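Worksheet: the structure to be examined is printed underneath.
The values are calculated or read from the model by the stated rules, or taken from the named source; none is laboratory data. A quick note: this is a predicted structure, and the numbers were derived from the prediction, not measured. Glycine gets a Cβ as well: all are built from the backbone with ideal geometry, and neighbour counts include every protein chain shown. Each accessible area value is taken on the protein alone, full model and side chains, heavy atoms only, with ligands, DNA and RNA left out. Shrake-Rupley method; radii C 1.70, N 1.55, O 1.52, S 1.80 Å.
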Amino acid sequence: MRKLSVFLGVAMLAIGSAVSAQEVDSTATMQMSSWGDAKQCETIDYIPEVRLDTRFGYSHDFAEGTGRFGGNGLFLDINGKISPHFSYSLNHRLASFEGGDEPGFGNTNWLTLDFEHDWFCISAGKQDIKVGGFEYDEYDLNCYGEMNSQFWNNVSPWQWGLLVGAYPAEGQTLMLQCTNSPFSDIEIFNLFAYSLAWQGEWDCYNSYWSVNMWEYQRGRFVKALNLGNRFYAGDFTFDLDYSTRCTDLKAAFTKDFTVNFMPAYEWEWGRAFVKVGFEKVALTTYVSPSETEDPLVSLVPGVEEVPFTGNNFFYGAGVEFFPLKSYKDVRVHAIWASNSHLTAGHYINIGLTWNLNLTKAGKALVSKLINK
């Protein structure tokens, strides 16, 4: 009932904002001084964009001989501006695949207040730990876990913290971030994570690299290097991600690492892709961080059993297309995947992703009612 109330409240907010937009211009023209006597005019729309995102379909695990219909979650997404330089963003799971609730902000992926001006930005709130790589950076409803790495499937990036970014050149972003450590929880304090990340954009290549340190005991860190690379060639894209994690730098690159390659072809109304990856998992001790001496400990605090160690192969292929060419908010997909740990065999999923823009729908409804 609480989630239904949130949904109804957001819907009323969107419709109410649309009504206001009919009565008063929702945009404001700002005079902003620049170097010299020149002035720049900027138009800002203060009505927030409110969306509901969901994905559902049929999945079948051939190794287990089981199949079912189900959903991958219902997400509330709100983005808006409160001034020319301040903006906010919220992504909250109204429902999840498991169907359960988490305490506090456990169902909130991100909730940030952002300041951006010229060559720098500041972001505060619950946010994703800046871990390089395009697999890990993808939005939940655009991912298929059965063809992803164990790192993606087991390590949640959402933590409270602060980020400072800079734009040293066009298409370049440097980010320095401090958050709670992924080893910390509501009962474990004084553990923090530090990230230095770089995102670059060119015509034929994008990068997302990071160096990370995750504290599992006071003064003891898991170190990580993550290198995400995306190449463009016409309508083809090629993602090549590599990451390595260790507590002792002598074991870097050999003890715990992930590499995956994903070529894709995109056209006006769809996309086809193939993915193959390999990882060596060395999370040999899954105990509370306060009880460990010097292991590569679990990134899920308090778990006492090892779900998987060793070599893991993951691979698959899929196709996505938009059945309504003029409406890209509905997407159909069909994927096949195999993962030596999660499925130990073959897995298929056929389904539909739908993004409902409540702000746009509210404006259209109000406009229709007014024009009657």
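Worth a mention:
- Only residues that are out of contact with any Lys or Arg (no Cβ under 8 Å at 6 or more places or on another chain) and either buried (at least 18 other Cβ atoms within 10 Å of the Cβ) or of a type in the set (D, E, K, R) (or both) were counted in segment 131-144, giving 9.
- The one condition in (1) at pLDDT 90 or above; (2) open to solvent by less than 60 Å² (accessible area, probe 1.4 Å) that residue 236 fails to fulfil: (2)
- Filtered by the rule that a residue be open to solvent by 50 Å² or more (accessible area, probe 1.4 Å), hydroxyl-bearing (Ser, Thr, Tyr) and part of a strand (DSSP E or B), segment 315-368 gives a lone residue, 315.
- Some residue of segment 90-99 being among the polar types (S, T, N, Q), crowded, with 17+ Cβ neighbours inside 10 Å, closer than 24 Å to residue 360 by Cα and over 17 Å from the mean Cα position of the chain (by Cα): no
- Answer from 330, 319 - the residue that is among the β-branched types (Val, Ile, Thr), in contact with a Pro (Cβ under 7 Å, 6 or more places away or on another chain) and modelled with pLDDT of 90 or more: 330
- Top-ranked residue of segment 199-220 - restricted to ones that are charged (D, E, K, R) and under 30 Å from residue 185 (Cβ atoms), ranked as least open to solvent (accessible area, probe 1.4 Å): 215
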